Structure formats: structure tokens, C-alpha cells
Amino acid sequence: MVRISSQPQLVPLTNTSLTGFLKLSDDSEYFISVDYSCSPPNVTLDEELRSELEKYPSKLSEIVNQSETHESFVGNLVNFLEDIIVPPTDSKHLLTLIKQVANLPSESVKSIDQDFKQIVLRHTDEGNREHHLAIQLDSRTPTFLCDLPQQLVIDNEKTWSCQAVLKSFRDIIGQYQSLWDVLDDIDSNCWVIEPEPFSRGAVHRRVVLKGDVSLIVTLDPSQPTSLPRCRFLGSAKSIQPFQNLLDERVDDWDPAVSVVENLGSILDLELPSKPTDGDNAISIDCGVCYCYEMMGQIPEISCNNDTCKQLFHVECLIEWFRGLPNVRQSFGTVFGECPYCSKPMHVQAVL
């Protein structure tokens, strides 16, 4: 078979199939193997190329139907990929961006870097909270970075405009005003230890109840004052009274009052505020790996010894137990000693 002159790294296997590397004008190369004798075409693609083409599910078949030879197929495919992958870098495109930014309200533009590789837009919402949207222009397609409970999705990343992106950003922010009002109330009136660092994208708060007991409250963004998902953390002995109260009084939750008031009423306590003297810090890291989050898991097992109460990841504690000479396991429960105080502990084995 005759090779394709414009793409020497592509090898025709038959009249309807070829394999090799496709090269674009920005010198990027992608592996592709195509047999377009069947419908739909049998295609093996580079992972990055596949993710791009999945946005246009019928385009490959359309290109096949428009092509009669390997040359025309490859030419049509390259033209399409140039449009969706290779970023426009000419002065006309840059001038268009500059004009778009210039036409935005001055308060909506926070910063532009010297090389015009990043534009940071901002919007102040009804609660006087400032939100930032970073548009990064140093890759093949623009990247839109913001701290929101949902992802900012741009329909066509090749024809986007600053005005359209800013409008979408504002529209999403408008949807979460009630949620952020409730979270701000929790932040102002409780001892919040998570999320750390602070994030507007988080719909949960971890608050200290007392001593070694904390509570993760996860709100429903569409109904933020409704009964949240609650998860108590601490030793079994310490958290059980709180869990019992919540189970018994769950029907008393009143969406007409604040989350803070509801929690205080149901749990029979005044939620503590964050200490200001710095002497009452609470440890939330695992006592084995000294990390907070590990593979998406947080420390949730606590020593029952009232003078210890150290937290551990389940898997870290199991691994520690298995290194002890007197470890034993019975019906899925592993028994050992606390790494800190050597008091007996047990943990359910991870399946």
C-alpha cells in the first residue's frame, strides 16, 4: 500500500484500514488505528484523542462517509482535529480576547498575567462574597477553574467568549445564595475544623461538639435548612449519646429555623465557638500516618480511653494491629492495642 505523503507515520494496511501516528500542526502526535469498512468505524485511539472525539459521537462516521481514499480521510480528520484540539495562537485571536476583556465591567476583572496566559474574573454575590474564575490559556483548550459546588461547563471550548463564561459563572453563583448563607451562619457560630482549607465548593462542615466528638454536617444545596446528613466522629462511647438523641428527635427538625439552632436543640447543647487563645486545638489527624485524608478516607476510629481519644484511619489501625504479637481476629473484628496509650481497641476489618 502507498503511504500517505502528509502523514508518513501512518501505515495503510488495506484499502479501508490504516494504523500509526497522526501528527498535527502543533507537533502533537496521536496513535490511531482505523478500519472504516464497517459502520460505525472500528477505531483504536490515543486516550487523549478519544476523550476529545467522544464530545462529537457522530463526527468520525461523517468523516468516513465524506472520504473516498486514505488521503481524503486523513485530510478531513486532521482538519477537524485542528479545529478542536490545536489552540488558535494567532494575533487575531489574541486581539479578540483583549477586546472581550476590555468590554467587561472593570469590577469583573481581577487580574491578567503579563503573557496573557491567565485571566482571573470575579463576581461579588448578594451576600457580599467574592468569587474568582481563573481562565488558563496555556494549553490546547482553555481551563476554567473556580471554587463552586458544581463544575463550570462550557458548551464549546473553541468558540467561548469572556462575556458568555462570566454570565455562566454568575448564573451558577446565583443558585447557591441560600446554601452559602446557611454555611456562613455555621462558620460564624460554631467551631469549624473542616473543610481545610476553606472552600466555597464544599457543601459540608465538620464542627466540634465537645472534647473528642465532632459532627460532619452535609447540606442539601437545594434545601439547605432541611435535615442534613449527619455523621458523628469520635469514640463509640462518646458519640453514642448524640446519635441516640438525633435518632429520637429527628422529627423535631424545623426547616424554618437555622441549622445551628436545630442542632443545638436536638443534641441538647450549645455548639462551641472556635477558641481564640490557641490552647484548645483539636487533633483530627490519624495517630499512625499523621495525615488527615488518605485515599478519600478520614480518621473515624477513636480510642475509648478518656485520657487518650486519639483518632485513626480504619486501615492504618488494622495495619498497626497486625504488627503486634498479640493481635487476634474474630468474625471480621481485629483486636489490638492503641498505638498511643496501649489500651485495648478493636476495629471492624475492611472488606
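The values are calculated or read from the model by the stated rules, or taken from the named source; none is laboratory data. This is a predicted model, so every value here is computed, not measured. In this analysis, Cβ positions are derived from the backbone assuming ideal geometry, glycine residues included, and neighbour counts consider all displayed protein chains. The protein model used for the area step is the full one, side chains on, heavy atoms only, and it has no ligands, DNA or RNA in it. Shrake-Rupley method; radii C 1.70, N 1.55, O 1.52, S 1.80 Å.
Here are a few things to note about the model shown:
- Within the range 260-351, the proportion of C-alpha pairs whose separation exceeds 21 Å stands at 45%.
- Rounded to whole numbers, the Karplus 3J(HN,Hα) couplings from phi for the range 235-242 are 5, 4, 5, 7, 8, 4, x, 5 Hz, using 6.51 cos²θ - 1.76 cosθ + 1.60 with θ = phi - 60°, and x at Gly and Pro.
- Computed Rg/Rh of the range 158-253, alpha carbon atoms with Kirkwood Rh: 1.12
- The spread of Cα positions in the range 194-351, taken along each principal axis and listed from longest to shortest, comes to 56, 35, 29 Å.
- For the chain, the dipole from Cβ point charges (+1 on Lys and Arg, -1 on Asp and Glu) about the Cα centre works out to 440 debye, to the nearest 20.
- Spatially proximal lysines relative to residue 99 (Cα-Cα < 27 Å; intrachain offsets below 8 disregarded): 110, 117, 158, 167
- Counted residue by residue at 0.36 nm each, then reduced by the alpha carbon distance between them, the extension gain from residue 24 to residue 178 reaches 50.7 nm.
- Size descriptor, Kirkwood hydrodynamic radius, that averages inverse alpha-carbon separations across the range 1-156, Å: 18.4
- 24 Å Cα-Cα threshold exceeded, pairs from 210/309; 210/237; 23/59: none
- For the chain, with +1 on Lys and Arg beta carbons and -1 on Asp and Glu, the positive-most of 207, 182, 30 along the dipole: 30
- Only Lys, Arg (+1) and Asp, Glu (-1) charged, at Cβ; the range 88-219 dipole about Cα centre in debye: 380
- When the charge dipole of the chain is built from unit charges on Cβ atoms (+1 for Lys and Arg, -1 for Asp and Glu) and taken about the Cα centre, the candidate among 72, 9, 143 whose Cα reaches farthest toward its positive end is 9.
- FRET efficiency for residue 289 and residue 348, using Cβ-Cβ distance with R0 set to 25 Å, rounded to 0.05: 0.85
- Accessible area (Å², per residue) of the chain, counting only protein heavy atoms and a probe of 1.4 Å: 56
- Comparing 257, 226, 240 along the charge dipole axis of the range 203-268, the residue lying farthest to the positive side is 240, per the Cβ-charge model.
- Using just its DSSP H runs of length 4 or more, each adding -39500 (n - 2.57), the chain gives a mean residue ellipticity at 222 nm of -9000 deg cm²/dmol after division by all residues.
- Rounded to the nearest 20 debye, the dipole magnitude of the range 299-347 is 140 debye, with +1 charges on Lys and Arg beta carbons, -1 on Asp and Glu beta carbons, and the Cα centre as origin.
- Longest to shortest principal axis, alpha-carbon extents of the chain, angstrom: 79, 59, 41
- Estimated distance in nm for a label pair at residue 324 and residue 218, the labels positioned 7 Å out from Cα along Cα-to-Cβ: 3.1
- Evaluated at q = 0.14, 0.15 Å⁻¹, a Debye calculation over the C-alpha positions of the range 96-229 (equal weights, vacuum) places log10 I(q)/I(0) at -0.71, -0.79.
- Calculated P(r) tail over 21 Å for the range 1-89, as whole % of Cα pairs: 21
- Separation of the range 223-256 from the range 319-351 is 29 Å, based on Cα centroids.
- Alpha-carbon centroids, the range 167-201 and the range 1-76: separation in whole Å: 47
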